[in-house]
Amino acid sequence: MTAPQMTASEARAAFLAWLAHERRASPLTVEAYGRDTAAFLGFLTRHLGEEPTLTALAALRAADLRAWLAWEASEGAGNSTRARHLAAVRAFFRFLARRHGVANAQIALLATPKAKPPLPHALTPSEARAVAQDIGEATDTAFTQARDTALFSLLYGSGLRIAEALALSVSEAPRPGSDDMLRVLGKGSKPRIVPVLPAVREAIAAWLRHHPEATNPTAPLFVGVRGERLNPGVAQRTLRQFRRLNGLPEHATPHALRHSFATHLLAGGADLRTIQDLLGHASLSTTQRYTAVDTAQLMDVWRKSHPRG
């Protein structure tokens, strides 16, 4: 039943009580929704010149709601933050419609701010080389040392995804002295051809000398101690151990080596189309993210190095 004299603040309190007791939302969720709706109602009080009632909430125009999102942007809220706040306000309006008969179609029609995809986290060239060359320090057997050196050298040297590398068979292993390119099956079973550095070929040859089925062309190229195809979780755990031992950043992951491959090629003068082909990106816009990374790194160096920085 509609309560004509109920203020928006009173409706907000009822909404939070409903979340906590009937929906059994976590305390953190209730706190976040309470904070977001309070900020929304605070804006409306300033925007409308008085504390809004339920009638005023039902009468809000699209222009009023866009003004709220614009104000949030002026206060420094990014798209992902504004999208989260809008989700809380929409939940509040759904509650009002169901419990108090207060409907406002404009809130459902409001476009959600699109969050920018996060920039890829690349390692510095020295950090990436350390992983590729010294990853064997994280384990204590010749078998795992040779395998991990070959695997991580391949990830950084050719920009492979961890799943792509672990899907390779012995027959596909790049051999020293060969100029053959490596054929990789990427996302959506889309094949691509990537070059393999001589140092990577040597690392793989060293690993094959320890491989229990090096003469079996159909055997997985990278295997665990029991001879089964290597689990990506094992490789990820190995790199976590290595980064802790060597003080590398938390974003030093197997996938960060792929980002590093692309970022370092771009910094070295490679064009985006070439990097797109090497990474197997379907869209050039995906590859263009690396230009932002390169620019960000240049700006960071400038700020640290310029006398007036």
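The values are calculated or read from the model by the stated rules, or taken from the named source; none is laboratory data. Remember, it's a predicted structure, so these values are computed and weren't measured experimentally. Cβ: placed from backbone, ideal geometry, glycine included. Neighbour counts: every protein chain shown.
Structure summary
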| quantity | calculated |
| --- | --- |
| Among the residues listed as Ile135, Ile162, the single one being under 22 Å from the mean Cα position of the chain (by Cα), more than 20 Å from Leu266 (Cα to Cα) and in the same structural domain as Ile204 (by TED's automatic domain parsing) | Ile162 |
| Selected residue [more than 19 Å from Asn104 (Cβ to Cβ), touching a residue at least 24 places away in the same chain (Cβ under 8 Å) and either touching a Phe, Trp or Tyr at 6+ places or on another chain (Cβ under 6 Å) or part of a helix (DSSP H, G or I) (or both)] from Ala14, Ala32 | Ala32 |
| Segment 181-196 - residue that is without any contact (Cβ under 8 Å) to a residue 12 or more places away in the chain and not in a helix (DSSP H, G or I) and, of those, nearest to the chain's Cα centre (by Cα) | Pro191 |
| So Ala91, is it small (Gly, Ala, Ser), surrounded by 14 or more Cβ atoms within 10 Å (Cβ to Cβ) and over 30 Å from Gly34 (Cα atoms) | no |
| When residues of segment 179-196 are limited to those that are of a type in the set (Gly, Ala, Ser) and surrounded by fewer than 12 Cβ atoms within 10 Å (Cβ to Cβ), the one modelled with the lowest pLDDT | Gly188 |
| Every pair of residues 6+ apart whose Cβ atoms lie under 7 Å, when the first sits in segment 247-269 and is in contact (Cβ under 8 Å) with a residue 12 or more places away in the chain while the second is surrounded by 22 or more Cβ atoms within 10 Å (Cβ to Cβ) and among the acidic types (Asp, Glu) | none |
| Test: residue in segment 236-255 that is of a type in the set (Gly, Ala, Ser), assigned to a loop (DSSP other than H, G, I, E, B) and in the same structural domain as Gln145 (by TED's automatic domain parsing) | yes |
| Residue count for segment 49-83, restricted to those that are within 20 Å of Ala8 (Cα to Cα) and either in a helix (DSSP H, G or I) or out of contact with any strand residue (DSSP E or B) (no Cβ under 7 Å at 6 or more places or on another chain) (or both) | 21 |
| Single match in Ala165, Ala205, Ala199 (criterion: surrounded by 21 or more Cβ atoms within 10 Å (Cβ to Cβ) and either aromatic (Phe, Trp, Tyr) or part of a helix (DSSP H, G or I) (or both)) | Ala165 |
| Those residues of segment 242-285 which are surrounded by 14 or more Cβ atoms within 10 Å (Cβ to Cβ) and under 15 Å from Asp134 (Cα atoms), in sequence order | Phe242, Arg243, Asn246, Leu248, Ala252, Thr253, Pro254, Leu257 |
